[in-house]
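K.L.:
Below are the structure tokens for one structure; questions will follow.
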Amino acid sequence: MKSTVEQLSPTRVRINVEVPFEELKGDFDRAYKSLAQQIRIPGFRPGKAPAKLLEARVGRGAILEQVVNDALPARYSEAVSTSEVKVLGQPDIEITKLEDGDELTFTAEVDVRPEITLPDYSEIAVTVDPIEIADEDVAEQLLSLRQRFGTLTGVERAVQDGDFVSIDLSATVDGADVPEAQTTGLSHEVGSGQLIEGLDEAIIGLSAGESKDFTSNLVAGDHAGKEAVITVTVGSVKERELPEADDEFAQLASEFDTIDELEADLRERVARVKKVEQAGVIRDKVLDALLESVDVPLPEAVVKAEVDSVVHDAVHELDHDEDKFNALLEEQGSSREEFDKDTTESAERSVKTQLLLDAIAEAEGTQVGQEELTERILFQAQRYGMSPDQFIQQIQQANQLGAVFSDVRRGKALAGVVEQATVTDTAGNTVDTSELFGSSSADDDDSVVVGEDDSLVVDADDAVAEDAAAETDAPVEAIDEK
């Protein structure tokens, strides 16, 4: 077999493949064997009919079609491997010559990873706000802790912001009752904004036993998005009494003996949270600087696929009714043109980011440790409200383990760039990013490899990774080589 590669653009190639017929002998043998199992010819046991009789029964053309269809994927993969091109997505294959007994030739046009010239990371400089911990931040944390230990007491007065109430709800749309919007004895914290828009404003000022009508859009059910007249009736009113912030409370709510010790610990916690927030800002700003400094040609088919996926998901929620979707956009003060423009820009940034971070990871030899992949799986499982075993099973079934692996690797690649970038705060102080991001390198002995079948190749020590490797792969989008 011979193959050559034509560069059609920075992100697309045409692979030309020539396959002599003598190299298809094994494919013909498999085709005859398969047909012999399916076709019964008198005088021959199943699977034993001669090739010539099978050809006479189904025709030479049918044999050729099956051989070609079976041979193309393997010959394409061989050509990709030989040429060492890094393909993205599925190819467009066209048979250009098929001469029985002589030669099979075909072309495959496919998107590829572009060549990217990476910048000097040490020249990247970003500025962020300094970490400032105000007394109000600590007071807010202390208040939250006191609220957790607060008690609810019934009161004989009108509802105020922050009260806890028991309410009954009912709704009508165009004068007709909406059964799924009716409920009784529903507990609600006034001011939380967790239920229907306009509810808190309607409740405030009512006393137990009083009702009020207000209008709002329903958010679920058959009438979702429609304006409804909602009736709320207050059943009971309770206020939360908070414990005093003293040493006794500190001993009740923590391992500390005094309120001063508790407040000092809360201040440290606030500091840790603000450091995490600052790390997120640094990461985003360094990524923005990277994207601005590097030219990354975008594979059109990959961008289009991501745009199509977003549009499909959006319209799917409205039973694939384009008119309903366009009307919803107008209600939100937007338009289909604006939506398509924003979606395309977002897809282009996403694809550019993934291609750039993959190029950095490859250039820097970024590896993913078993513990790092396990931590990401556990984090994602918690995020989706699933057990680790359930999440691993789902990602294997969805063939997404490679995407999780790539996501972790890209994050490490970006962390490596942050380590080399110059980060200062607006006060002129240098920010120590090593404390925020740690090391971007992993020991070779602890690295994880995702195989072509989307399985893991790992040491036997990591039980979670072993379970993942035993099957195949879940919900993370990524550009993956095919």
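The values are calculated or read from the model by the stated rules, or taken from the named source; none is laboratory data. This structure is a prediction, so every number in the text was calculated from the model and none was measured. Cβ placement follows ideal geometry from the backbone for every residue including glycine, while neighbour counts extend to all protein chains displayed.
K.L.:
Looking at ALA305, is it more than 23 Å from GLY221 (Cβ to Cβ) and either surrounded by 14 or more Cβ atoms within 10 Å (Cβ to Cβ) or among the hydroxyl-bearing types (Ser, Thr, Tyr) (or both)? Reasoning before the result, please.
P.N.:
Numbers: more than 23 Å from GLY221 (Cβ to Cβ): yes; either surrounded by 14 or more Cβ atoms within 10 Å (Cβ to Cβ) or among the hydroxyl-bearing types (Ser, Thr, Tyr) (or both): yes.
The answer is yes for ALA305.
K.L.:
Report yes if GLN390 is at pLDDT 90 or above, surrounded by fewer than 20 Cβ atoms within 10 Å (Cβ to Cβ) and not in a helix (DSSP H, G or I), otherwise no. Write out each step before concluding.
P.N.:
Numbers: at pLDDT 90 or above: yes; surrounded by fewer than 20 Cβ atoms within 10 Å (Cβ to Cβ): yes; not in a helix (DSSP H, G or I): no.
In short, no.
K.L.:
Another one. Quick check: anything in region 313-336 within 26 Å of LEU118 (Cα to Cα), in contact with a Lys or Arg (Cβ under 9 Å, 6 or more places away or on another chain) and not assigned by TED's automatic domain parsing to the domain that holds VAL87?
P.N.:
The first filter runs over region 313-336 and keeps only residues within 26 Å of LEU118 (Cα to Cα), leaving none.
No, region 313-336 has no match at all.
K.L.:
Name the residue that is farthest from the chain's Cα centre (by Cα), counting only residues in region 185-197 that are of a type in the set (A, V, I, L, M, F, W, C) and assigned to a loop (DSSP other than H, G, I, E, B).
P.N.:
VAL190
K.L.:
Kindly establish whether ILE95 is among the β-branched types (Val, Ile, Thr), assigned to a strand (DSSP E or B) and farther than 27 Å from SER293 by Cα. Before you say what the answer is, go through the steps one by one.
P.N.:
Numbers: among the β-branched types (Val, Ile, Thr): yes; assigned to a strand (DSSP E or B): yes; farther than 27 Å from SER293 by Cα: yes.
Against the criterion (among the β-branched types (Val, Ile, Thr), assigned to a strand (DSSP E or B) and farther than 27 Å from SER293 by Cα), ILE95 qualifies.
K.L.:
Further question: Hey, does region 316-328 have a residue that's assigned to a helix (DSSP H, G or I), at pLDDT below 95, over 24 Å from the mean Cα position of the chain (by Cα) and among the aliphatic types (A, V, I, L, M)? Step through it out loud before you land on a result.
P.N.:
First, the residues of region 316-328 that are assigned to a helix (DSSP H, G or I): 316, 322-328.
Of the ones still in play, those that are also at pLDDT below 95 are 316, 322-328.
Restricting the remaining residues to those that are over 24 Å from the mean Cα position of the chain (by Cα) gives 322-324, 326-328.
Going one step further and asking which of them are among the aliphatic types (A, V, I, L, M), we end up with 327-328.
Yes - at least one qualifying residue is present in region 316-328.
K.L.:
Further, regarding this structure: Considering only region 296-311, I want to know if a residue exists there that is in contact with a Leu (Cβ under 6 Å, 6 or more places away or on another chain) and not in a loop (DSSP other than H, G, I, E, B). Lay out the reasoning, then the answer.
P.N.:
Keep residues of region 296-311 that are in contact with a Leu (Cβ under 6 Å, 6 or more places away or on another chain), which gives 296, 299, 302.
Keeping just the survivors that are not in a loop (DSSP other than H, G, I, E, B) gives 302.
The answer is yes, given that some residue of region 296-311 is in contact with a Leu (Cβ under 6 Å, 6 or more places away or on another chain) and not in a loop (DSSP other than H, G, I, E, B).
K.L.:
So, one more: Go through the residues of region 122-137 one by one and say whether even a single one is farther than 27 Å from ILE282 by Cα and either outside any loop (DSSP other than H, G, I, E, B) or hydroxyl-bearing (Ser, Thr, Tyr) (or both). Walk me through it before giving the result.
P.N.:
Initial filter on region 122-137 (farther than 27 Å from ILE282 by Cα): none.
The answer is no; no qualifying residue exists.
K.L.:
From the list ILE131, ILE124, which residue is of a type in the set (Val, Ile, Thr), out of contact with any Pro (no Cβ under 6 Å at 6 or more places or on another chain), closer than 30 Å to LYS274 by Cα and surrounded by fewer than 18 Cβ atoms within 10 Å (Cβ to Cβ)?
P.N.:
Numbers: ILE124 fails: surrounded by fewer than 18 Cβ atoms within 10 Å (Cβ to Cβ).
Result: ILE131 is the single residue among ILE131, ILE124 that is of a type in the set (Val, Ile, Thr), out of contact with any Pro (no Cβ under 6 Å at 6 or more places or on another chain), closer than 30 Å to LYS274 by Cα and surrounded by fewer than 18 Cβ atoms within 10 Å (Cβ to Cβ).
K.L.:
Yes or no: ASP200 in a loop (DSSP other than H, G, I, E, B), closer than 30 Å to LEU328 by Cα and of a type in the set (D, E, K, R)?
P.N.:
Details: in a loop (DSSP other than H, G, I, E, B): no; closer than 30 Å to LEU328 by Cα: yes; of a type in the set (D, E, K, R): yes.
So ASP200 fails the test.
K.L.:
A further question follows. Would you please name the residue that is surrounded by the fewest Cβ atoms within 10 Å (Cβ to Cβ), looking only at residues in region 265-295 that are part of a helix (DSSP H, G or I) and among the acidic types (Asp, Glu)?
P.N.:
Looking only at region 265-295, we keep the residues that are part of a helix (DSSP H, G or I), and these are 265-293.
Of the ones still in play, those that are also among the acidic types (Asp, Glu) are 265, 268, 277, 284, 288, 292.
On the way: ASP265: 16, GLU268: 12, GLU277: 13, ASP284: 13, ASP288: 13, GLU292: 9.
It comes out as GLU292.
K.L.:
Moving to a separate point now. Return yes when GLN382 is of a type outside the set (D, E, K, R), loosely packed, with under 14 Cβ neighbours inside 10 Å and farther than 28 Å from GLN90 by Cβ and no when it is not. Even if it seems obvious, please write down each step before you answer.
P.N.:
On the way: of a type outside the set (D, E, K, R): yes; loosely packed, with under 14 Cβ neighbours inside 10 Å: yes; farther than 28 Å from GLN90 by Cβ: yes.
Judged against the criteria, GLN382 is a match.
K.L.:
Here is a follow-up. Look at VAL80 and say whether it is farther than 30 Å from LEU357 by Cα and surrounded by 12 or more Cβ atoms within 10 Å (Cβ to Cβ).
P.N.:
no
K.L.:
Go through region 203-222 and give me each residue that's in a loop (DSSP other than H, G, I, E, B) and modelled with pLDDT of 90 or more.
P.N.:
From region 203-222, those in a loop (DSSP other than H, G, I, E, B) are 204-210, 218-222; that's our starting set.
Within region 203-222, ILE204, GLY205, LEU206, SER207, ALA208, GLY209, GLU210 meet the criteria.
K.L.:
Mind listing whichever residues of region 146-166 are modelled with pLDDT of 95 or more and in contact with a Gly (Cβ under 6 Å, 6 or more places away or on another chain)?
P.N.:
ALA158, SER166
K.L.:
So, one more: Tally time: how many residues in region 19-41 are modelled with pLDDT of 90 or more and touching a Phe, Trp or Tyr at 6+ places or on another chain (Cβ under 9 Å)?
P.N.:
The qualifying residues number 1.
K.L.:
Collect the residues in region 149-185 that are among the charged types (D, E, K, R) and either exposed (fewer than 15 other Cβ atoms within 10 Å of the Cβ) or over 30 Å from ALA250 (Cα atoms) (or both), keeping them in residue-number order.
P.N.:
Residues of region 149-185 that are among the charged types (D, E, K, R), as a first pass: 156-157, 161, 163, 168, 174, 177, 180.
Hits for region 149-185 are GLU156, ARG157, ASP161, ASP168, ASP174, ASP177, GLU180.
K.L.:
Here is a further query. So PHE106 ticks every box in (1) surrounded by fewer than 19 Cβ atoms within 10 Å (Cβ to Cβ); (2) more than 32 Å from the chain's Cα centre (by Cα) but one. Which box is left unticked?
P.N.:
(1)
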